[in-house]
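First the structure, in the form of structure tokens, and then the observations on it.
The values are calculated or read from the model by the stated rules, or taken from the named source; none is laboratory data. Here the structure is a predicted model, which means the values were calculated and not measured. Every residue, glycine as well, gets a Cβ built from its backbone with ideal geometry; the counts of neighbours run over all protein chains shown. All accessible areas refer to the heavy atoms of the entire protein, side chains included, with ligands and DNA or RNA removed. Shrake-Rupley method; radii C 1.70, N 1.55, O 1.52, S 1.80 Å.
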Amino acid sequence: MAFGRRRRADKPAEEPERTTDERAEAADAETEAETEAPAKETGSGSGPWDSQDSYPEMQRLDFGSLLVPVAQGLGFQVNFEATQVDEEGNPIDARPVAVLVQYGESAMQLQAFAAPKRSGIWDDVRRETAKDIQEQAGGQVQEGEGPFGPEMVAMVPAALTEEVLAEMPQEVREQIPQEFIDQGWAPQLIRFLGIDGPRWFLQAVVQGAAVQDEEQWQVLEDVLRNVVVIRGEHPMPPRELLELRVPKEFSEADEQQQQEEKVQTFDPFERGPEITEVR
């Protein structure tokens, strides 16, 4: 799930128009004035890390604002959001908006956002996300403490239509209790984690076996703990998504796949070329 910036009240008519940078700086200043409590600082012995920290050296993929560690058995995917569509509504251009880390039967989505200098946003984001899950998805939420502080687990009804079941691998389909198939939905557990850093907020959304399987979670926790966030120095409104890019390793892998399969075009919405696996 994603979240956006709250709408601001309309400005008085007499207020002069400001540039994007000026609006971002003003938003930062307004939030600072609300509280003097400093945001949680990373780099005190455990991550995730800010790019200005002395973080452990290891192999990482460069996604622009996120440096994500790689390890044996991990897979990576870049999720895209359409920025342009044709007359029929089909996407013709897109931007990367999230990094998906895959391990076994588990997946963890990573996104980094701008945040105020002197206050974190995870408490607000968590409340808003819980409200959306309860009111819009008809789900349930439970909060608790985790390795990175406050977190939340949600139970959301997942549809089990004939189309969904037909697309499932047979081994997955066989594990679904018949009562869930008969009622047409199954409970899906989703774990939400948030880390407030210096002028940034990192959100991790975990699905699959790692929500309950400690062994699979430990692998994803190690990844999250060693992520490096590159905030940049330019002003940004709070909750603005930090810019992501596709690592060069993905492009090289896609070029090789195109040569092998004689593919003429690259579609960023095709899942295959966007996945890189480290073995």
Does region 226-250 hold any residues that are under 21 Å from ASP53 (Cα atoms) and basic (Lys, Arg), and which are they?
ARG231
Condition check for ARG231: of a type outside the set (A, V, I, L, M, F, W, C) and open to solvent by less than 30 Å² (accessible area, probe 1.4 Å)
yes
Only one residue in GLN134, GLN203 is at pLDDT 90 or above and assigned to a helix (DSSP H, G or I), so which one is that?
GLN134
Can you pull out every residue in region 117-141 that is β-branched (Val, Ile, Thr) and touching a helix residue (DSSP H, G or I) at 6+ places or on another chain (Cβ under 7 Å)?
VAL141
Being open to solvent by less than 40 Å² (accessible area, probe 1.4 Å), assigned to a helix (DSSP H, G or I) and under 27 Å from LEU241 (Cα atoms): is that true of VAL125 here?
yes
Would you please name the residue that is most open to solvent (accessible area, probe 1.4 Å), looking only at residues in region 101-117 that are of a type in the set (A, V, I, L, M, F, W, C) and within 13 Å of ALA210 (Cα to Cα)?
ALA107
Considering only region 1-113, give the strands (runs of 3 or more DSSP E) lying wholly within it that have at least 1 residues that are more than 20 Å from the chain's Cα centre (by Cα) and either modelled with pLDDT under 95 or under 17 Å from ARG231 (Cβ atoms) (or both).
74-85, 91-103
